[in-house]
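Below is one structure, written out as structure tokens, with a few remarks after it.
The values are calculated or read from the model by the stated rules, or taken from the named source; none is laboratory data. Since the structure is predicted, the reported quantities are computational estimates derived from the model, not experimental observations. Cβ placement follows ideal geometry from the backbone for every residue including glycine, while neighbour counts extend to all protein chains displayed.
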């Protein structure tokens, strides 16, 4: 018993890191950078440049928070991989989940860097600032491809597990399926500046953010439930 407790405790902190990611991402984008609701894609270059000039410090603070938040997502990916491989016995799904999580963080940091660089020299040509701003938003939403692959790996591991000690209940496989398929229209942010599919639209932004959140909440909760087992995970 004494040998397994530290392992379980550290594993649980890997799940808790997800909540740190959520707090930093939400706080950085909403309160510091002022990115919620997302900026309108129809705004011209001068207005975008003016926003970076007037809100530059807040955006810089927000991007530092987002960068740290992205890093805190990785321990959660690692413990999910451990659970899939050692508890469910599916090493391939574990590797797919972990690698796609790492790719999602790397791709997401590109978006954060674009916004941060735009705020670094807000006095530059407004067209360049607008370019960096658009790059940040579009890369941020296209990052969903890696989250889809990650969710699909957990979905398949959950659905095809036939043992008596699952990590996630079977109904979660269907929740993952709905989330993974439902965010496909968000790829349209590259084609639309107005309407539901724009990067500030109902589907382009709000649906996929809510779907991602609804997927993460039970995903992390059942990780914590699984880690109550005394068997060491590391």
Residue match in the range 34-46 (condition: farther than 17 Å from residue 209 by Cα, free of Cβ contacts under 8 Å to residues at least 60 places away in the same chain and in a helix (DSSP H, G or I)): no
Breaking point among (1) touching a residue at least 40 places away in the same chain (Cβ under 8 Å); (2) surrounded by fewer than 15 Cβ atoms within 10 Å (Cβ to Cβ); (3) within 22 Å of the chain's Cα centre (by Cα); (4) assigned to a helix (DSSP H, G or I), for residue 53: (3)
The range 173-207: number of residues that are farther than 30 Å from residue 137 by Cβ and in contact with a helix residue (DSSP H, G or I) (Cβ under 6 Å, 6 or more places away or on another chain): 1
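Results for (1) crowded, with 22+ Cβ neighbours inside 10 Å; (2) within 25 Å of residue 170 (Cα to Cα); (3) at pLDDT 95 or above, shown as yes or no for each residue.
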residue	(1), (2), (3)
1	no, no, no
6	no, no, no
20	no, no, no
33	yes, no, no
39	no, no, no
66	yes, no, no
88	yes, yes, no
107	no, no, no
114	no, no, yes
Breaking point among (1) at pLDDT 95 or above; (2) surrounded by fewer than 20 Cβ atoms within 10 Å (Cβ to Cβ); (3) closer than 25 Å to residue 10 by Cβ; (4) touching a helix residue (DSSP H, G or I) at 6+ places or on another chain (Cβ under 8 Å), for residue 71: (1)
Single condition residue 77 does not satisfy, out of (1) assigned to a helix (DSSP H, G or I); (2) touching a residue at least 60 places away in the same chain (Cβ under 8 Å); (3) more than 14 Å from the chain's Cα centre (by Cα): (3)
Residue 92 under 24 Å from residue 170 (Cα atoms), surrounded by fewer than 19 Cβ atoms within 10 Å (Cβ to Cβ) and modelled with pLDDT of 95 or more: yes
Residues of the range 210-219 satisfying the condition of being surrounded by 19 or more Cβ atoms within 10 Å (Cβ to Cβ) and either out of contact with any helix residue (DSSP H, G or I) (no Cβ under 6 Å at 6 or more places or on another chain) or modelled with pLDDT of 85 or more (or both): 215, 216, 219
Residues being crowded, with 19+ Cβ neighbours inside 10 Å and in a loop (DSSP other than H, G, I, E, B) - total across the range 177-199: 4
